[in-house]
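This report refers to the structure that appears directly beneath it.
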Amino acid sequence: MQAQKQPQANNELSFARADKSLVVRLAGDWHLRHGLPSQDLVEKQLDAAPKPTRLTFDAADLCDWDSGLLTFLLGVSELCHKRNLPADWGPLPEGVRSLIQLAEAVPEKTGARAEVSHTSFIEELGREAISYAQGLDDFLRFLGEVAISFAKLAVGKARFRRVDLMIVIQDCGANAFGIVTLVTFLVGVILAFEGAVQLQQFGASIFVADLVGIAMSRDMGAMMAAIIMAGRTGAAFAAQLGSMKVTQEIDALTTMGISPLEFLVLPRVLALFLMIPLLCVYSDCLGVAGGAFVSATMLHIPLATYIRETRHAVTLTDIFGGIFKAAVYGIIIAVAGCMRGFQCGNSSSAVGDAATEAVVTGVVYVIVACGIFAFIFNIIGI
């Protein structure tokens, strides 16, 4: 007989051939904490030529053992079942034999073992498309409920506290001036600088005023204000309502017969709808100021000349079109933030997830709305 040994930390596994049988020799202490030999060693011996017709064990030198030995032997048993190879468990200790018989007496429940599934790219793409469609459906449903609340407000039947509306207006308006000032001024500076680099080549530096003025009033002012408010206020709405859901305050309002949509959502949507157009106008002015700064320092264009050129380039249609877009963006951001807050789970980590989803949803839908507005305004010639 020839033996092949594989030493382990505190156990020893070796193999021998006796006639047409494969003898698995177990020696030493077999403890789970010390590590187990790989079952691949047994599999290699079972597949090696000449292939054995029977498997048996030699446990004369086996000392202490725990569940680690049973785990190894059950794996060997599964290898034997796959090959229809009889196994002789007789040489093993009585306790090991009893536990193995008990484990094999109860068949494994179908589906109990997790199976790794590999889905195709087309299937994954379809799932993502269905998920986005479901998200859009939820958004439109929630938007419809908000519209019904606005209808109740128009006839004086909506129930909410006016002081809550004033607090949200303060937070969405005056408290946001700082970040809006910084970001939109820098956007105006960047637009003017990029335009100046190109227009200087053609001796048309004065048209930097047209570029900045039209871009800010038509799209960038409303867009930047909306993105800022999505990250600042939309996330805050989701976190506030999500925390109220975790603490069951929303359930308490429903129990008292008060509509959470009217009491909590309506003031927030109304406040952002009123404030973001003002922030849009403010953003337009700051963007033009940023362009004037670059023109004065880089292109040496007098401030009066820059303002006169801006007045000639920008029309009231551009300004009011941007304000209209900003109002729609405000509704989108508020609805997205409140919807994610209402969809929040009942754990503290779910509040953070809701805030993140509110920002993503708000920004994505704002950009989609911007593209739709660009298409429609181009058709009607605005």
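The values are calculated or read from the model by the stated rules, or taken from the named source; none is laboratory data. This is a predicted model, so every value here is computed, not measured. Please note: Cβ atoms are built from the backbone with ideal geometry, for glycine as well, and neighbour counts cover all protein chains shown. Side chains included, ligands, DNA and RNA excluded: accessible areas come from the protein's heavy atoms. Shrake-Rupley method; radii C 1.70, N 1.55, O 1.52, S 1.80 Å.
Condition check ((1) assigned to a helix (DSSP H, G or I); (2) within 28 Å of ILE367 (Cβ to Cβ); (3) of a type outside the set (Phe, Trp, Tyr)) across all residues:
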residue: ASP219; (1), (2), (3): yes, yes, yes
residue: ALA226; (1), (2), (3): yes, yes, yes
residue: ALA238; (1), (2), (3): yes, yes, yes
residue: ASP251; (1), (2), (3): yes, no, yes
residue: LEU261; (1), (2), (3): yes, yes, yes
residue: VAL269; (1), (2), (3): yes, yes, yes
residue: LEU272; (1), (2), (3): yes, yes, yes
residue: LEU278; (1), (2), (3): yes, yes, yes
residue: TYR282; (1), (2), (3): yes, yes, no
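Anything in segment 325-376 that is of a type in the set (Phe, Trp, Tyr) and in contact (Cβ under 8 Å) with a residue 24 or more places away in the chain? List them, or say none.
Once the filter is applied, which keeps residues that are of a type in the set (Phe, Trp, Tyr) and in contact (Cβ under 8 Å) with a residue 24 or more places away in the chain, segment 325-376 yields TYR329, PHE342, TYR365, PHE373.
If you take the residues of segment 30-65 that are loosely packed, with under 14 Cβ neighbours inside 10 Å and hydrophobic (A, V, I, L, M, F, W, C), which of them is farthest from LEU85 (Cα to Cα)?
By that ranking, first place goes to CYS63.
Quick grid of which residues meet (1) in the same structural domain as PHE237 (by TED's automatic domain parsing); (2) part of a loop (DSSP other than H, G, I, E, B); (3) touching a Leu at 6+ places or on another chain (Cβ under 7 Å); (4) open to solvent by 90 Å² or more (accessible area, probe 1.4 Å):
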| residue | (1), (2), (3), (4) |
| --- | --- |
| LEU125 | no, no, no, yes |
| PHE142 | yes, no, no, no |
| SER149 | yes, no, yes, no |
| LEU153 | yes, no, yes, no |
| GLY156 | yes, yes, no, no |
| MET166 | yes, no, no, yes |
| ASP171 | yes, no, no, no |
| ALA176 | yes, no, yes, no |
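Take ASP210 and tell me if it is at pLDDT 90 or above, charged (D, E, K, R) and open to solvent by 20 Å² or more (accessible area, probe 1.4 Å).
yes
Those residues that are more than 17 Å from ARG141 (Cα to Cα), open to solvent by 10 Å² or more (accessible area, probe 1.4 Å) and under 22 Å from the mean Cα position of the chain (by Cα), I need them from segment 317-347; list them, please.
Once the filter is applied, which keeps residues that are more than 17 Å from ARG141 (Cα to Cα), open to solvent by 10 Å² or more (accessible area, probe 1.4 Å) and under 22 Å from the mean Cα position of the chain (by Cα), segment 317-347 yields GLY345, ASN346, SER347.
Only one of (1) open to solvent by less than 60 Å² (accessible area, probe 1.4 Å); (2) closer than 24 Å to ALA226 by Cβ; (3) of a type in the set (A, V, I, L, M) fails for LEU299. Which number is that?
(2)
Only one of ALA289, ALA235 is open to solvent by 30 Å² or more (accessible area, probe 1.4 Å) and either free of Cβ contacts under 8 Å to residues at least 24 places away in the same chain or of a type outside the set (Phe, Trp, Tyr) (or both). Can you tell me which?
Of ALA289, ALA235, the one residue that is open to solvent by 30 Å² or more (accessible area, probe 1.4 Å) and either free of Cβ contacts under 8 Å to residues at least 24 places away in the same chain or of a type outside the set (Phe, Trp, Tyr) (or both) is ALA289.
Of the residues that make up segment 190-197, is at least one more than 32 Å from the chain's Cα centre (by Cα) and either of a type in the set (D, E, K, R) or not assigned by TED's automatic domain parsing to the domain that holds GLN343 (or both)?
Scanning segment 190-197, I find at least one residue that is more than 32 Å from the chain's Cα centre (by Cα) and either of a type in the set (D, E, K, R) or not assigned by TED's automatic domain parsing to the domain that holds GLN343 (or both), so the answer is yes.
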